Amino acid sequence: MELLLKLERELKELDQRSLRRRLRVAETPCAPRVKVDGREMLAFCSNDYLGLAAHPRLVEALREGAALYGVGSGASHLISGHSRAHALLEERLADFMSPHLESARALYFGTGYMANMALLSALAGAEAEIFSEALNHASLIDGARLSRAKVQIYPHGDTEALARMLKASTAPVKLVATDSVFSMDGDLAPLPRLLQLCEQHGAWLIVDDAHGFGVLGEHGRGALEHFALRSPYLVYMGTLGKAAGVGGAFVAAHDTVIEWLVQRARPYIYTTAAAPALAHALLAAIDIIAGDEGAARRAHLRSLIAQFKDMLRLQRWQLYPSDTAIQPVVVGANDEALRVAAALHEQGFWVPAIRPPTVPANTARLRVTLSAAHATDEVAQLAAAFKALEQGQ
């Protein structure tokens with residue numbers, strides 16, 4: 001069949017360019033020590049930044065949620081799938097984020113990808129103009145495409161270029177969309193300046209805080225707390241499957257914005273609601289994030305980040321300047337990134353090789369992610385392995 005042959009040829013081309021992705025099967029709960037494809041590994045690849053994915057309190061909350069609400073929601077939120085668990089979670093999240101958002105209200109989504117698609121497609125339209133950061137996550141990019149708005153891409157972190165674009169725009173609706181923590185580089189967007197520009201030009205600032213929520217800020221409120229931001233122009237998306245340890249995402253913004261999403265966001269309206277038990281478990285996760293245990297886990301994570309950066313002094317490869325849990329080691333060529341990942345795997349370390357198109361050409365890297373569940377000696381072992389491999393030992 002010619003159609004299958006075409007796909008097979010294209011798959012072979014991916015192999016030739018060292019770009020084919022492969023699935024691995026984890027057989028144990030998400031944790032630093034995992035069993036993968038039958039082998040015990042030390043993992044530095046999950047986004048479980050606070051180590052909550054297998055936390056006993058969350059496991060018990062999920063069991064309790066299933067006993068209270070069953071397994072599935074049965075329908076979309078606007079039909080019959082919006083449970084008391086969903087409502088309580090949204091109230092809790094709105095209250096948690098209220099120091100940074102006026103008249104705060106929250107809306108729970110099944111995934112962060114869905115939340116960003118909903119946001120951009122509902123708030124923008126054919127008459128709008130979206131200004132998108134060059135290194136934005138695919139969900140923001142696809143949401144902008146779905147919106148039918150005119151899209152302009154500003155260079156990474158270049159607020160002066162963005163200022164010129166906003167000044168020249170005559171669109172009646174303007175949106176600036178950005179990641180807060182860039183998922184492949186680990187650096188932070190200049191959110192204070194972005195918000196200043198949005199307020200000056202009457203534009204929404206959509207912040208995808210997937211890698212900041214729960215981790216950044218004194219109380220884990222993410223990038224908005226980290227930068228002490230508050231504005232009615234802010235529209236905030238936080239992921240609940242990373243630092244919160246469970247799954248799904250939420251949008252928090254002014255009540256009017258959220259009501260508009262309920263009425264017009266197709267990815268929200270036309271999909272079955274996530275299992276209520278997940279929302280019930282997330283209530284426990286938010287309690288941990290906001291409490292003393294969350295503060296202690298964030299402090300330990302910060303110490304691990306500092307330790308890794310201090311220990312990993314490289315000569316040929318480059319450790320990108322990141323103060324977050326994402327620590328990319330850039331090696332350059334695709335085949336070398338795969339070779340290093342394979343060598344680490346042979347030593348029992350699970351660290352993924354990230355290649356184009358996820359990152360720019362010639363910047364293939366090992367994406368190290370640290371978790372509060374890691375121990376200092378585990379981080380030291382990984383740093384030593386990297387240095388030995390770079391030196392050809």
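The values are calculated or read from the model by the stated rules, or taken from the named source; none is laboratory data. Since this is a predicted model, take the numbers as computed values, not measurements. As a convention, Cβ positions derive from the backbone with ideal geometry for all residues, glycine included, and neighbour counts pool all protein chains shown.
If I filter the range 370-393 for residues that are outside any loop (DSSP other than H, G, I, E, B), under 19 Å from the mean Cα position of the chain (by Cα) and either of a type in the set (D, E, K, R) or not assigned by TED's automatic domain parsing to the domain that holds residue 302 (or both), do I get at least one hit? Before you say what the answer is, go through the steps one by one.
Taking the range 370-393 as the starting set, the residues that turn out to be outside any loop (DSSP other than H, G, I, E, B) are 376-390.
Retained after the next criterion (residues that are under 19 Å from the mean Cα position of the chain (by Cα)): none.
Scanning the range 370-393 turns up no residue that is outside any loop (DSSP other than H, G, I, E, B), under 19 Å from the mean Cα position of the chain (by Cα) and either of a type in the set (D, E, K, R) or not assigned by TED's automatic domain parsing to the domain that holds residue 302 (or both).
In this structure, is residue 217 under 24 Å from residue 159 (Cα atoms), among the small types (Gly, Ala, Ser) and either assigned to a loop (DSSP other than H, G, I, E, B) or more than 19 Å from the chain's Cα centre (by Cα) (or both)? Outline the logic, then answer.
On the way: under 24 Å from residue 159 (Cα atoms): yes; among the small types (Gly, Ala, Ser): yes; either assigned to a loop (DSSP other than H, G, I, E, B) or more than 19 Å from the chain's Cα centre (by Cα) (or both): yes.
Here the answer is yes, as residue 217 does meet what is asked.
What number of residues within the range 20-39 satisfy the criterion of being of a type in the set (A, V, I, L, M, F, W, C) and either loosely packed, with under 12 Cβ neighbours inside 10 Å or not assigned by TED's automatic domain parsing to the domain that holds residue 346 (or both)?
Filtering the range 20-39 down to residues of a type in the set (A, V, I, L, M, F, W, C) leaves 23, 25-26, 30-31, 34, 36.
With either loosely packed, with under 12 Cβ neighbours inside 10 Å or not assigned by TED's automatic domain parsing to the domain that holds residue 346 (or both) added as a condition, the list becomes 23, 25.
Within the range 20-39, residues that are of a type in the set (A, V, I, L, M, F, W, C) and either loosely packed, with under 12 Cβ neighbours inside 10 Å or not assigned by TED's automatic domain parsing to the domain that holds residue 346 (or both) number 2.
Identify, please: which residue in the range 32-57 is of a type in the set (Gly, Ala, Ser) and modelled with pLDDT of 95 or more and is, among those, farthest from residue 369 (Cα to Cα)? Show your work before the answer.
Of all residues in the range 32-57, those of a type in the set (Gly, Ala, Ser) come to 38, 43, 46, 51, 53-54.
Pick out the ones that are also modelled with pLDDT of 95 or more and you get 43, 46, 51, 53-54.
Working: 43: 9, 46: 6, 51: 12, 53: 15, 54: 17 Å.
It comes out as 54.
Among what's in the range 351-378 and is over 22 Å from residue 42 (Cα atoms) and without any contact (Cβ under 8 Å) to a residue 40 or more places away in the chain, pick the residue that is surrounded by the most Cβ atoms within 10 Å (Cβ to Cβ).
363
Mind checking which residues of the range 89-119 are within 15 Å of residue 220 (Cα to Cα) and of a type in the set (Gly, Ala, Ser)?
Selection gives 94, 98.
Answer yes or no: is there a residue in the range 58-71 that is modelled with pLDDT of 95 or more, part of a helix (DSSP H, G or I), in contact with a Gly (Cβ under 8 Å, 6 or more places away or on another chain) and on the phi < 0 side of the Ramachandran plot. Talk me through it step by step, then tell me what you get.
Initial filter on the range 58-71 (modelled with pLDDT of 95 or more): 58-71.
From the residues that got through so far, the ones that are part of a helix (DSSP H, G or I) too are 58-69.
Still in the list and also in contact with a Gly (Cβ under 8 Å, 6 or more places away or on another chain): 58.
Those still in the list that are on the phi < 0 side of the Ramachandran plot too: 58.
Yes, the conditions are met somewhere in the range 58-71.
For residue 115, state whether it is in contact (Cβ under 8 Å) with a residue 24 or more places away in the chain, under 16 Å from residue 257 (Cβ atoms) and either surrounded by fewer than 22 Cβ atoms within 10 Å (Cβ to Cβ) or not assigned by TED's automatic domain parsing to the domain that holds residue 358 (or both). Working first, answer last.
On the way: in contact (Cβ under 8 Å) with a residue 24 or more places away in the chain: yes; under 16 Å from residue 257 (Cβ atoms): yes; either surrounded by fewer than 22 Cβ atoms within 10 Å (Cβ to Cβ) or not assigned by TED's automatic domain parsing to the domain that holds residue 358 (or both): yes.
Against the criterion (in contact (Cβ under 8 Å) with a residue 24 or more places away in the chain, under 16 Å from residue 257 (Cβ atoms) and either surrounded by fewer than 22 Cβ atoms within 10 Å (Cβ to Cβ) or not assigned by TED's automatic domain parsing to the domain that holds residue 358 (or both)), residue 115 qualifies.
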